[in-house]
1. Among the candidates A:MET109, A:MET144, which residue alone is in contact (Cβ under 8 Å) with a residue 60 or more places away in the chain, crowded, with 20+ Cβ neighbours inside 10 Å and closer than 26 Å to A:LEU40 by Cβ?
2. Looking only at segment A:1-36, count how many residues are assigned to a loop (DSSP other than H, G, I, E, B), within 17 Å of the chain's Cα centre (by Cα) and surrounded by 14 or more Cβ atoms within 10 Å (Cβ to Cβ).
3. Determine which member of the set A:ALA60, A:ALA39 is more than 24 Å from A:VAL124 (Cβ to Cβ), under 17 Å from the mean Cα position of the chain (by Cα), surrounded by fewer than 17 Cβ atoms within 10 Å (Cβ to Cβ) and small (Gly, Ala, Ser).
4. Could you please give the count of residues in segment A:89-112 that are within 6 Å of DNA strand B (Cβ to nearest atom) and within 30 Å of A:ALA14 (Cβ to Cβ)?
5. All but one of (1) more than 30 Å from A:ALA38 (Cβ to Cβ); (2) under 17 Å from the mean Cα position of the chain (by Cα); (3) within 12 Å of DNA strand C (Cβ to nearest atom) hold for A:GLY154; which doesn't?
6. Just to verify a result, which residue in segment A:113-131, among those that are farther than 17 Å from A:THR27 by Cα and within 6 Å of DNA strand B (Cβ to nearest atom), is farthest from the chain's Cα centre (by Cα)?
Amino acid sequence: MAVAYARRETLHGAWWVGWTDAGVCATALPETSERSFAALLRAQHGDGVAPADAGAIPEAVDWSVVPDGFRKDVLRACAAIPAGEVRSYGELAAAVGKPRAARAVGTVMATNPLPLLVPCHRVVRGDGTLGEYGAGGPARKAAMLGAEGVALDGGAAAARVLPSRA
DNA sequence: ATACCGGCTAGCC
DNA sequence: GGGCTAGCCGGTA
């Protein structure tokens, strides 16, 4: 299947997006070189990788890039977090039916194949502190959340917007 | 099987 | 609040 890619202008910069007829299958940070992003797509789908018009980027995500199981469940649950809100690792764990798997959720976030599209930056610690961010570190996480309107109090998200604690 | 590692948490000082 | 510690769980070697 042919793979197309383009830079998409977003609130957080011009991220790379790769896709096929099945949907978006990869994303990468703005500072990623075109060369390495294309290489990633080739590794994932083989040859037939070519630049295309950003206007052709599909809405849908190609979830087939993630094998069924805990990982996919967590990623999909994360994808459902609206911009401007945050959830804790534990909440995400509970959302997929494994309330004690917060740690494992962190591992999934750390290996998110679709950063930005699967908004792993919206997942913070239970106490509101931001926690880590693989695709650019905590500073970038803070910047992204700030851009999305999440109130940040010092190094923490002031509100978790949903269930929350007192 | 088994051991170790990590974007975590809850409980205790 | 801060700094432990011991549990936790799914990957991966």
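Where a number appears in this text, it was derived from the coordinates with a stated rule and is not lab data. Everything numeric in this text was worked out from a predicted model, so none of it was measured. When we count neighbours, we look across all protein chains shown, and the Cβ atoms used for this are built from the backbone with ideal geometry, even at glycine.
1. Unique residue meeting the criteria: A:MET144.
2. Looking only at that region, the number is 4.
3. The conditions single out A:ALA60.
4. Matching residues across segment A:89-112 total 6.
5. Going through the list (1) more than 30 Å from A:ALA38 (Cβ to Cβ); (2) under 17 Å from the mean Cα position of the chain (by Cα); (3) within 12 Å of DNA strand C (Cβ to nearest atom), A:GLY154 breaks only (2).
6. My answer is A:GLY126.
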